[in-house]
């Protein structure tokens, strides 16, 4: 539901410079047991570092999975009834678990699922891996190298039971030495996109940038981000974001500076009765595309070529104005989406029955 | 959490009356302190949920000449487990279910905010309070907004997978879809606002909504209300009436607002500071449909100039904060921005 993954472009970039920065991201991590209160959105940074959003604990964890080798190009992930199998491994029933996010480690092609065993606030967070053979295992959080960034909570500490403010983490990604976190408060209508330097430093919790939306060049509102992806090869990286109020917008990653007010350029109006769930970026025929899973409009393939040249939508428009996209209607019921390798994506899809983990060719 | 060994052993034996496959004896496979213990060290021990071939996460080791399975997560009451031990041609098999713990009283809806029965067309959120923690990923199937004819309003709320719970899982924030509130956006242009001035609606909370233990609510809940004109004005502290308490008393300090404010934020966005600049200890009560804020001090009021420090993030029912309206009309920017994060409102106990 939540999430996004970092664009393959940036993974590729990181891979190219890997020898110089090997161990750089994990060398300051300490071994121990991360005190995860919940396991929400996931994203991979280079070197097999798994970023885990913990909305209940109000923190982002970076875990050194040591899963850094493999042949992701030859991996195919297909596990029918994954919810039933994972629930059985956790010793419970499928209606007593939540699968919160899916992320594929680009280094190995192994899928990681953030889950909870139980559905209440004291449910146990679990991270489960699924490899190319279909083997389901738990990512052990005992004696793992990790680091943690605590998200500031403006609620008055010491207010006891009155301190009920919390922030849902709607998505996160790694890009260019920073972890970008989109959140939504359960009280004030906020629109913070937090940018935290990575590796995490205790002294620098990052900065929050407020994101705004301008409708028809007239009405301006705060606009929380529901899901986002980062794209851009050999040029300015951009954030492609779906707002909670529906429009798909773009803004340069470099705009995320403390004290700035970011106003996304609307590149597509995705229409009514539709809820974006997840976006990934990929390349086909030398061009960048975004693939977006939606609640009711199937999966959309959006052309990113020359998107920075598309004029922002500022006037009342028809249903399909803005960036060109096509809808792959056959892909219905997609809950989660991530890129597996250059030709394939992995989806969690429900087709009336149980939840299936499937590999699909990138369109 | 470990289940009491005694209770678990009783249940284990009770269900062992359903033997499967080859000969078995209830004394040979046992449940001890939440672990499965086989009679010997030589053999293969497999523990699964019944009717699944996926082994449970856990550790298998040998202790005192016996194979022991320690599950990664405690066995759950109500789930049927299947244990097989195969040792040199001998097969032992057991199924068991741990008994459910004693039931606590059913969970109930304890409050819905805003408390008013006349709400603005651009209402931004409801807060639903429950007496015990609730299950996640259920909310949007369990809450409906019905129009005056009893017909459900289509997709009125912002549905996000994470859902907006507090940490205790007892309060849900139900945001209206901002695309249906903000002017100039497709959802509103196509379907109109979720709420329309002059009409009546009912928020319905389904009794089948499972709490964190998977049990339905004690009963459903309905909140009927009518819709009045949209509220595009920011809360204005200049219009607030501060009712100072008496020096030496423990009387409440009260503020009367000119409109209903956000119930949740009222609990954290106003603090009382004494003449020395130190926060005054006490508790907050909200009344009269969120138009009255009272602070009951822990000790008697001291003399001297006190102040209320108000976080300008504080919103009204339509998401207009003291700092900023929900929607800024950039063509006619008549609204004001305070600029400050904290406002100081002085008062002196009488």
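A few comments on the model shown:
- The residue that is farthest from residue B:140 (Cα to Cα), counting only those in the stretch B:187-197 that are out of contact with any strand residue (DSSP E or B) (no Cβ under 7 Å at 6 or more places or on another chain) and part of a loop (DSSP other than H, G, I, E, B), is B:192.
- Some residue of the stretch B:214-230 being part of a loop (DSSP other than H, G, I, E, B) and under 30 Å from residue A:243 (Cα atoms): yes
- Residue A:209 meets each of the listed conditions (1) at the interface with chain B (Cβ under 8 Å from one of its Cβ atoms); (2) touching a helix residue (DSSP H, G or I) at 6+ places or on another chain (Cβ under 9 Å); (3) modelled with pLDDT under 85 apart from (1).
- Failed item, numbered, when residue A:257 is tested on (1) closer than 19 Å to residue A:180 by Cα; (2) part of a strand (DSSP E or B); (3) away from chain B (no Cβ under 14 Å): (2)
- Of the criteria (1) within 12 Å of chain B (Cβ to nearest Cβ); (2) crowded, with 24+ Cβ neighbours inside 10 Å, which one residue A:103 fails: (1)
- Checklist (1) buried (at least 21 other Cβ atoms within 10 Å of the Cβ); (2) under 17 Å from the mean Cα position of the chain (by Cα); (3) more than 14 Å from chain A (Cβ to nearest Cβ) applied to residue B:164, failing item: (3)
- Selection of the stretch A:122-135 for residues being buried (at least 21 other Cβ atoms within 10 Å of the Cβ) and facing chain B (nearest Cβ under 10 Å) yields A:123, A:126, A:128.
- Residues being part of a loop (DSSP other than H, G, I, E, B), away from every other protein chain (no Cβ under 14 Å) and touching a residue at least 24 places away in the same chain (Cβ under 8 Å) are entirely absent from the stretch B:125-147.
- Flag for residue B:118 being under 24 Å from residue A:123 (Cβ atoms) and more than 9 Å from chain A (Cβ to nearest Cβ): no
The values are calculated or read from the model by the stated rules, or taken from the named source; none is laboratory data. Because the structure is predicted, anything quoted here is derived from the model rather than measured. Methodologically, a virtual Cβ is constructed for each residue, glycine included, from the backbone with ideal geometry; neighbour enumeration extends over all protein chains shown.
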